[in-house]
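Take a look at the structure below.
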Amino acid sequence: MAFTKGPRGPRHPSRSTAGTVSAGHRPRRDTPTTKTGKPRQEPAGKPTEKPEEKRPNAARRDGARLARAPRPRHEASAAATGKPRARPAGKPAARPQQTRADTSPREGDRIAKLLARAGVASRRDVERMIADGRIALNGETVTTPATILTSLRGVTVDGKAVKEPEATRLFLFHKPAGLLTTAKDPRGRPTIYDRLPADLPRVMPVGRLDLNTEGLLLLTTDGGFKRQLELPASGVERTYRARAFGTVSQAQLEELIDGVEIEGMRYGRIDANLERRTGRNQWIEMTLTEGKNREVRRVLEHLGLEVSRLIRTRYGPFTLGDSKAGDIMEVKQAEIARFRKTLP
């Protein structure tokens, strides 16, 4: 029996030429599909399966993209919300300290300091003058030395106007023995001011020399400069030559380099050297920085010596030189400026 060849069937048995699906090859319903036959996509935010995790910041094969350091958690949350992350309570952020330039205007100085600088008197004497009611400001009596002023305009002492302070002046005076280092003596004894020239400006002594002590005495118009030179903290050296009766060795004098305590009073470093000896008299050179009352005499008496003559030959960089008793010489401004640079 011969068979005739019929028309060729469809390529895909699941579909007919009309596009219908045969019952024997109907697709499974567990995978939703669309009309086009593609799998249906789930709504956003509801994945049916956990998506495969991608490596963060993976580098491209061509090397164009480089790995970045992971962002801290608090920065990531801040970037997501657009708001800075609040710090935990109890741990406030430390604010960096800022250094500001001091632009505040000068407030002035105490009246006692200004008057001392102007050469009226020392600060201590100015305070006494204020207590006595001798100083006034714009016609009203000043009652306290703590009064702050920027200038001496309107200030009077005993009814006389006070001039603004001029440049500091310094004089070297060869003080003779027999004069007191004071302005006035209640007993009427002669003072250094009795020997000073009449045309000399108002000056104040830097430190004091005893009645019978002679030699270099500094005089200045600046009360503040005077005080600075007197303070032991400034370290300004004073040198004396003493003629003493008795016996002493260089070894005994060298023990003074560490200071000495006499009757409860402590004296600092003293550099002492035996210059020469004639019989039982000797000349001793001593350099110190404190200059306490009668210090040289007391220290030598502690060593069993009796001082018969005492001369100060140097104060800081200034020396007595070849001057004679009663001579006075003014220091040049350049030398004063150079000396001030060495002070603390």
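Each value in this text was obtained by applying a stated rule to the coordinates, not by laboratory testing. Fair warning: this is a prediction, and the values are worked out from it, not measured in the lab. Don't worry about glycine lacking a Cβ; one is built from the backbone with ideal geometry, like all the others, and counts go over all protein chains shown.
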Worksheet item: Across segment 112-141, what is the total count of residues that are small (Gly, Ala, Ser), surrounded by 13 or more Cβ atoms within 10 Å (Cβ to Cβ) and not in a helix (DSSP H, G or I)?
Response: 5
Item to complete: Kindly provide the set of residues from segment 246-271 that are surrounded by 14 or more Cβ atoms within 10 Å (Cβ to Cβ) and in a strand (DSSP E or B), ordered by number.
Response: Val260, Tyr267, Asp271
Worksheet item: Within segment 120-173, can you find the residues that are among the charged types (D, E, K, R) and farther than 30 Å from Ala337 by Cβ?
Response: Arg128, Asp132, Arg134, Glu140, Asp158, Lys160
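Do you know which residues across segment 146-161 are β-branched (Val, Ile, Thr), outside any loop (DSSP other than H, G, I, E, B) and more than 22 Å from Pro205 (Cβ to Cβ)? Before you say what the answer is, go through the steps one by one.
At the first step, the residues of segment 146-161 found to be β-branched (Val, Ile, Thr) are 147-148, 150, 155-157.
Keeping just the survivors that are outside any loop (DSSP other than H, G, I, E, B) gives 148, 155-157.
Correct list: Ile148, Val155, Thr156.
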Practice prompt. Can you work out which of the residues in segment 162-182 that are among the hydroxyl-bearing types (Ser, Thr, Tyr) and surrounded by 15 or more Cβ atoms within 10 Å (Cβ to Cβ) is farthest from Val206 (Cα to Cα)?
Written response: Thr168
Worksheet, complete the sentence: Among Thr144, Thr221, the single one that is of a type in the set (S, T, N, Q) and surrounded by 13 or more Cβ atoms within 10 Å (Cβ to Cβ) is Thr221
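Quick check on segment 208-243: of everything there that is among the β-branched types (Val, Ile, Thr) and not in a loop (DSSP other than H, G, I, E, B), which residue is nearest to Arg189 (Cα to Cα)?
Step one: of segment 208-243, the residues among the β-branched types (Val, Ile, Thr) are 213, 220-221, 236, 239.
So of that shortlist, the ones also not in a loop (DSSP other than H, G, I, E, B) come out as 220, 239.
Details: Thr220: 23, Thr239: 27 Å.
Per the criteria, the residue is Thr220.
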